[in-house]
1. Having 3 or more residues that are over 26 Å from the mean Cα position of the chain (by Cα) and either within 13 Å of ligand 1 (Cβ to nearest atom) or touching a residue at least 60 places away in the same chain (Cβ under 8 Å) (or both) is the bar; report the helices (runs of 4 or more DSSP H) wholly within region 249-356 that clear it.
2. Can you tell me which of (1) touching a strand residue (DSSP E or B) at 6+ places or on another chain (Cβ under 9 Å); (2) part of a helix (DSSP H, G or I) is the one VAL406 doesn't meet?
3. Kindly indicate whether any position in region 83-99 is surrounded by fewer than 17 Cβ atoms within 10 Å (Cβ to Cβ), at pLDDT 95 or above and within 11 Å of ligand 1 (Cβ to nearest atom).
4. Please go through (1) without any contact (Cβ under 8 Å) to a residue 40 or more places away in the chain; (2) touching a Lys or Arg at 6+ places or on another chain (Cβ under 8 Å) for GLU68 and return the number of the only condition it doesn't satisfy.
5. May I ask you to list the residues in region 83-109 that are under 20 Å from the mean Cα position of the chain (by Cα) and without any contact (Cβ under 8 Å) to a residue 60 or more places away in the chain?
6. Somewhere in region 275-293, is a residue farther than 29 Å from PHE235 by Cβ, in contact with a helix residue (DSSP H, G or I) (Cβ under 7 Å, 6 or more places away or on another chain) and more than 16 Å from ligand 2 (Cβ to nearest atom)?
7. For residues that are touching a Ser or Thr at 6+ places or on another chain (Cβ under 7 Å) and in a helix (DSSP H, G or I), scanning just region 176-220, find the one that is nearest to ASN254 (Cα to Cα).
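The values are calculated or read from the model by the stated rules, or taken from the named source; none is laboratory data. Bear in mind the structure is a predicted one, so any value in this text is a computation, not a measurement. Cβ coordinates were reconstructed from backbone atoms using ideal geometry, including for glycine residues, and neighbour counts include every protein chain displayed.
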Amino acid sequence: MIQVPRGTADILPGEIELWQYIEDKARDICRRYNYLEIRTPIFEHTELFHRGVGETTDIVEKEMYTFEDRGGRSLTLRPEGTASTVRSYVENKMFGLPQQPTKLYYIGPMFRYERPQAGRMRQFTQFGVEAIGSNSPAIDAETIALAMRFYEELGLKNLHVELNSLGDAESRKAHREALINHFKPHIHEFCSDCQSRLERNPLRILDCKRDADKELMKNAPVILNYLNDESSAYFDKVKKHLDDLGIAYVVNANLVRGLDYYTHTAFEIMERGIGAVSTICGGGRYNGLVKEMGGSDVPGIGFAMSIERVLLALKTQGIELPIERALDCFIIGMGEEAEEKAFLLLDVLRREGLSADKDFLDRKMKAQLKAADRLRAKTVVIIGEDELARGVAVLKNMETGDQQEVAFEQVASAVQSVIEKDK
Ligand code: ATP
Ligand code: MG
């Protein structure tokens with residue numbers, strides 16, 4: 001038997017309703033914050049991620065699904081959404097649109113070759129937003145608020161934002177030099193990844209999981225001490241906006257996002273479940289990225305979270321989403337002719353916007369009623385031979401048990417009014 005590939009999963013009816021609920025919620029909150037949906041291809045030229053994510057990141061160094069197509073091109077299944085969104089922004093000249101900043105969101109599958117575990121899949125679904133074209137600290141706060149309100153509306157509690165600033169190019173350069181001076185004399189004690197990052201991207205050393213406990217790591221120069229006045233002022237404004245919105249955050253000077261081209265604001269949203277603390281969302285400002293992708297010098301900020309981690313957080317916190325799974329009407333026709341009538345009525349109900357079904361397995365009356373129960377039908381319509389002759393059907397309210405006879409032409413409106421009354 002062939003099974004799903006490691007790190008992937010089928011999402012079946014019964015669970016898919018949770019996904020749909022969360023995705024609908026994401027779409028709705030984006031509508032309210034005026035972010036518009038973008039859908040980009042699942043695969044892109046490999047080069048896009050080398051430039052847009054960064055050569056020295058875990059994603060590019062270890063996690064990409066890269067393949068050659070039949071025309072000899074190197075393509076990669078997208079590991080994240082920002083590079084593609086920015087590519088599309090530049091390619092489609094969205095900077096020329098009258099409405100700026102360009103506020104976009106996406107929901108779709110991403111692919112990373114990882115060691116699978118709960119909340120860490122090889123194919124996972126990310127919801128992310130990008131606001132491109134504004135340098136206002138208020139938009140940093142807006143993106144963070146969007147994510148936090150989204151979680152609140154799902155019922156999640158015990159969340160907080162971890163916040164840091166990576167400063168502007170000048171601040172980063174000063175910090176970079178300090179890092180190199182700090183690590184260089186002892187770099188041979190670090191893992192090979194760290195060694196190769198020392199000159200290429202020393203900031204990434206701080207993100208190393210293998211060497212995390214080293215003393216040199218703990219007293220490494222902190223970016224916040226290297227922010228120039230402008231960057232400090234920017235960071236203060238972001239914090240003030242978050243204070244004003246009542247969004248809980250803590251400054252974590254060690255927070256380094258795994259991706260290059262991040263400037264100023266970097267954040268992660270953490271969930272303190274039972275014991276463990278885990279990241280459910282990551283984001284930040286990327287003022288260097290659009291230019292790197294061949295556009296002009298346009299700033300941007302965004303975040304991404306996976307639906308998998310949202311589901312995990314909901315589960316940890318014991319939150320049940322209000323999902324109603326019920327059929328409006330189940331129709332039963334006894335005898336061949338009545339069944340034909342039932343089949344036609346089914347069509348009428350569905351065209352009226354009701355969810356309706358019938359038996360397709362020639363089951364006995366009793367088994368059909370059982371099926372209706374299983375489907376949590378709100379109403380059952382029964383047509384026997386006697387009813388058929390008189391042009392009526394018996395409509396049963398499954399909640400109260402009440403029954404009434406209704407003419408065929410009235411079945412749809414009668415079902416509708418039973419459902420309305422029960423709401
Ligand atoms: P981590 O340190 O957990 O690997 P990351 O820095 O690689 O995270 P990002 O690239 O910032 O994560 O992705 C943003 C969000 O996407 C994460 O906060 C998480 O919600 C989700 N995510 C990342 N990788 C996976 C995965 N393999 N499976 C499920 N969700 C993921
Ligand atoms: Mg990762």
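1. 336-351
2. (2)
3. No; the residues of region 83-99 include none that is surrounded by fewer than 17 Cβ atoms within 10 Å (Cβ to Cβ), at pLDDT 95 or above and within 11 Å of ligand 1 (Cβ to nearest atom).
4. Answer for GLU68: the failing condition is (2).
5. Scanning region 83-109 gives SER84, SER88, THR102.
6. no
7. ARG204
Here's the yes/no breakdown for (1) in a loop (DSSP other than H, G, I, E, B); (2) aromatic (Phe, Trp, Tyr):
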{"residue": "TYR113", "(1), (2)": "yes, yes"}
{"residue": "ALA131", "(1), (2)": "no, no"}
{"residue": "ASN135", "(1), (2)": "yes, no"}
{"residue": "ASP140", "(1), (2)": "no, no"}
{"residue": "THR143", "(1), (2)": "no, no"}
{"residue": "ARG149", "(1), (2)": "no, no"}
